[in-house]
Amino acid sequence: MAVTTYIPLIVVVVTLAVLALAPFSRTLERDTKRLAYTAFGGRTVPDNEQRERTLRAAGIGTPYRVYVTQTYLYTAVAAFSGAVLGVYLGGFLVELLDLNTLTAPSPVISDVASSLPDFLLAFNAKLFALLVGTSLLMGTIAATIVYAIRWTIPSVRATTRERQIDASLPRMVAFIYAQSRGGMAFPDVMRSLSNNRGVFGAGAEEMAVGVRNIDVFGQDLVSAVRDLSRRTPSQQFQKFLENLTSVLQSGRNLSAFLADEYERYREQAEEQQEEILELLATTAEVYVTTVVAGMLFLITILLVIGLTSGDTLVLVQLITYVVLPATNLLFIAYLSEITQPLRASRDESDIERDELNALNQRLPREAGEGEQPTAPDGGSPVGHASSGTPDGGAPADYGWAESPRSKANRDRLRAYKRVKRVRSALTSPVESLFNQPELILFVSVPIAVGFVLAQLPGALEGGTFDARAFDDALIQAALFVMSTFAVVYEVAQQRLQRLESAIPDMLERLASLNEAGVAVVSSFDRVRRSDLGELNAEVDRIWRDIKWGATVEQALNRFERRVQTPSVTRTVTLLTNSMRASNEIGPVLRIASEQARADQRLKRKRKQEMFTYIIVIYVSFLVFLVVIGAIDRVLIPNLPTQDALTGGSSAVQSAPSFLQINSEKVDQYRLTFFHAGLIQAMLSGLVGGQMGGGSIKDGMKHASIMLLITYLVFVFLPQPDVGGATAGMLVPLLPF
């Protein structure tokens, strides 16, 4: 077949690859937006208030008109790609179904063939109609799906942000109360909150929009808060902002209002977690029913159909290698989305951004840098912390860049952090390992890859590829990588949980001392002499930092970087910002202590609730494994094959004649079922970890246990003989 036949397919692949890579490249993304805006006339896009409001609530960071034109572009590309693929699909159907009648000339044409031109003889109306039909069908389906997905994403994101804002409201209100009680002006409170978006999440991002409206567009405080109440996706946050607007206008006591609001939202936090737990429970039931039991039922039915009426090996392999992993990954992505409000903490990018903001504030501004240009579409000014905020287009999308000094600071900070991380890992490897369990992968993954490569010649021995022997090497390497990471991660998590459990006691003691008139610095000196359990060493380090010349804020920030847990991060952020406003922080410490205890209580309740569903996942997995093992080791090997039937063996002369399987298919079915058990083991463990702990890292231990059970079952179960020889024997290598 000529190479030119695949030119349209190559064009489709290249176009889709460019659009897929656009989010990862600022240049491609900017060019894509400009192309869409130019091609589909962005200024003539009809207004839709509902969609525009949903887009802003989703926090996507793209203006409405740009998003609409991008949607048109993606829909057009999907229609074109589907149409091209539809032509190839039509040709494939002709070959697959052997539709020779479509390509054969009709009798009428044969009779008058001598009087027709050559191009009419080459034209086949039936084949053309089939290709056009499949092309139009695939193009329409692809365009409809892409268009629907593009307008579904904002509503899904808005719902997710609503849950995130609701989950962060109690600690965010506590932060606002602590700052305003110390005498800080409310616009400065909003600005301080927006600078800690990595700690307080989506609620702080909403506040950042109000800060931008005040600082850049000169809006007054009441109007900025009122606009926030109109655009936020959270009804609870909307009510809070509306009440706050009334308080600001009437001149009531703001601290008393915030204290009452904090108590109310803290009680609602338990209700919010109950909703998330109910959603997780429903998800667990759906997962067990569809992915575990449903896939097992489907595979078994296909096997029976294949044994009696035809070959279904391709369908079984498609379910095992495509459908089963895809559905599991879909559930993992969904669980990651709905459990995000339970994992409110700073990641590495948030810490780097906060450090960069502090560095930029300490450095003197360059001449002419005091005024920042404003995006013409109402987006954030260049270099502001609100860049890429929910309702404004990111400045980088239109070609604006950060200031040279800020870029130089960012480059220096990243270089310093890389050198510091490597130096810390080399000088104190054990401590670095438990602070960052991911570092173990830099050791375990090369060892595992080297082991697999060392076993590869054995799998290729004899000129044929031994899939089972290569599977053994891959399984053992995966077990080594996952189990070592799981051990290190669990040890580190246990230590951090003990640290978090001691935080409320430390805060209560600090609050008592501060309320008695003891300064903050002296309070740490007295608290370190008491028994705080796992926190004793950390409090000693805080006091040592203070003795050596560091401020309390610097010592607490270093403590937060060493521990890096959500509770400690929120507590340190609250204390450091409160100390900037006032030295009398006793009530703030009380609030922080109550909040820490509430977080721990909710976390314990969540673990207890989800433990039941983790057990259900284990039981359903064991049922899956037992059925797969019975099919692999009992049913398939004992089936009389066509080879035995044609050989006339006395043992199979009475076998039913409707069986449609040979010895080669037996081995392929058994290998597929073995892989199905392995895939289900790994992915079920990850799903269970996400349900119980809210992270894939928590699922590593479950995945390791399930994979080990599956491997041992298939290794130590007796191997039946198929056709007089032991087929598919596993060779236990176990090098570790």
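The values are calculated or read from the model by the stated rules, or taken from the named source; none is laboratory data. All values reported here derive from a predicted model rather than from experimental measurement. Here Cβ is always computed from backbone atoms with ideal geometry, including for glycine, and neighbour counts include all displayed protein chains.
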Query raised in the report: Considering only residues of the range 679-719 that are of a type in the set (S, T, N, Q) and assigned to a helix (DSSP H, G or I), which is farthest from I332 (Cα to Cα)?
Result: T710
Query raised in the report: For the range 1-54, what are the residues that are basic (K, R) and touching a residue at least 60 places away in the same chain (Cβ under 8 Å)?
Result: R26, R30, K33, R51, R53
Query raised in the report: When the residues of the range 159-192 are filtered to those that are in contact (Cβ under 8 Å) with a residue 60 or more places away in the chain and among the acidic types (D, E), which remaining residue is surrounded by the fewest Cβ atoms within 10 Å (Cβ to Cβ)?
Result: E162
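For every residue, the table says whether it meets (1) farther than 24 Å from L433 by Cα; (2) in contact (Cβ under 8 Å) with a residue 24 or more places away in the chain.
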| position | (1), (2) |
| --- | --- |
| E500 | no, yes |
| M506 | yes, yes |
| N514 | yes, yes |
| R541 | no, no |
| N557 | no, no |
| T565 | no, yes |
Report task. Take the range 210-247 and flag every residue that is farther than 21 Å from P170 by Cβ and either touching a Leu at 6+ places or on another chain (Cβ under 8 Å) or of a type in the set (D, E) (or both). Result -> I214, D215, D220, L221, V222, R226, D227
Report task. Filter the range 281-333 down to the residues that are surrounded by 15 or more Cβ atoms within 10 Å (Cβ to Cβ) and aromatic (F, W, Y), then identify the one that is farthest from the chain's Cα centre (by Cα). Result -> Y287
Requested in this report: Go over the candidates T300, T308 one by one and state the one that is in contact (Cβ under 8 Å) with a residue 24 or more places away in the chain, out of contact with any helix residue (DSSP H, G or I) (no Cβ under 9 Å at 6 or more places or on another chain) and in the same structural domain as G692 (by TED's automatic domain parsing).
Outcome: T308
Requested in this report: With the condition kept exactly as written, say whether any residue in the range 175-195 is more than 24 Å from L589 (Cβ to Cβ) and of a type in the set (D, E).
Outcome: no
Report task. Could you pull out the residue among E500, E461 that is assigned by TED's automatic domain parsing to the domain that holds L671 and charged (D, E, K, R)? Result -> E461
Requested in this report: Could you grab me the full set of residues in the range 196-235 that are surrounded by fewer than 22 Cβ atoms within 10 Å (Cβ to Cβ) and assigned to a loop (DSSP other than H, G, I, E, B)?
Outcome: V216, F217, G218, Q219, D220
Requested in this report: Return yes or no: is V572 among the hydrophobic types (A, V, I, L, M, F, W, C) and either closer than 30 Å to A256 by Cα or not in a helix (DSSP H, G or I) (or both)?
Outcome: yes
Requested in this report: May I ask you to verify whether S593 is over 30 Å from V430 (Cβ atoms) and without any contact (Cβ under 8 Å) to a residue 24 or more places away in the chain?
Outcome: no
Report summary line: Within the range 262-297, the residues that are of a type in the set (S, T, N, Q) and either closer than 13 Å to I338 by Cβ or touching a residue at least 24 places away in the same chain (Cβ under 8 Å) (or both) are Q268, Q272, Q273, T282, T283, T290
**Report entry** Residue match in the range 538-548 (condition: under 30 Å from K420 (Cβ atoms), of a type outside the set (V, I, T) and at pLDDT below 85)
**Finding:** no
Query raised in the report: Hey, does the range 28-42 have a residue that's out of contact with any Gly (no Cβ under 6 Å at 6 or more places or on another chain), surrounded by fewer than 16 Cβ atoms within 10 Å (Cβ to Cβ) and on the phi > 0 side of the Ramachandran plot?
Result: yes
Requested in this report: For R544, state whether it is over 30 Å from I276 (Cα atoms) and in a helix (DSSP H, G or I).
Outcome: yes
Query raised in the report: Just one of V222, V209 is in contact (Cβ under 8 Å) with a residue 60 or more places away in the chain and touching a helix residue (DSSP H, G or I) at 6+ places or on another chain (Cβ under 7 Å); which is it?
Result: V209
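Residues are listed down the side, and each one gets a yes or a no for (1) modelled with pLDDT of 85 or more; (2) within 30 Å of L678 (Cα to Cα); (3) not in a helix (DSSP H, G or I):
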| site | (1), (2), (3) |
| --- | --- |
| E402 | no, no, yes |
| L439 | no, yes, no |
| V445 | yes, yes, no |
| L479 | yes, yes, no |
**Report entry** Filter pass, G517 being farther than 30 Å from G689 by Cα and either assigned by TED's automatic domain parsing to the domain that holds I542 or under 25 Å from the mean Cα position of the chain (by Cα) (or both)
**Finding:** yes
Query raised in the report: Can we say Y287 is in the same structural domain as F200 (by TED's automatic domain parsing) and part of a helix (DSSP H, G or I)?
Result: no
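Matching residues to (1) loosely packed, with under 15 Cβ neighbours inside 10 Å; (2) without any contact (Cβ under 8 Å) to a residue 40 or more places away in the chain:
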| position | (1), (2) |
| --- | --- |
| P437 | no, no |
| A448 | no, yes |
| F451 | no, no |
| E461 | yes, yes |
| R468 | no, no |
| A486 | no, no |
| E490 | no, no |
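Residues checked against (1) touching a helix residue (DSSP H, G or I) at 6+ places or on another chain (Cβ under 7 Å); (2) farther than 17 Å from T565 by Cα; (3) of a type in the set (K, R):
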residue: G458; (1), (2), (3): yes, yes, no
residue: A467; (1), (2), (3): yes, yes, no
residue: F470; (1), (2), (3): yes, yes, no
residue: L474; (1), (2), (3): yes, yes, no
residue: R498; (1), (2), (3): yes, no, yes
residue: L507; (1), (2), (3): yes, no, no
residue: G517; (1), (2), (3): no, yes, no
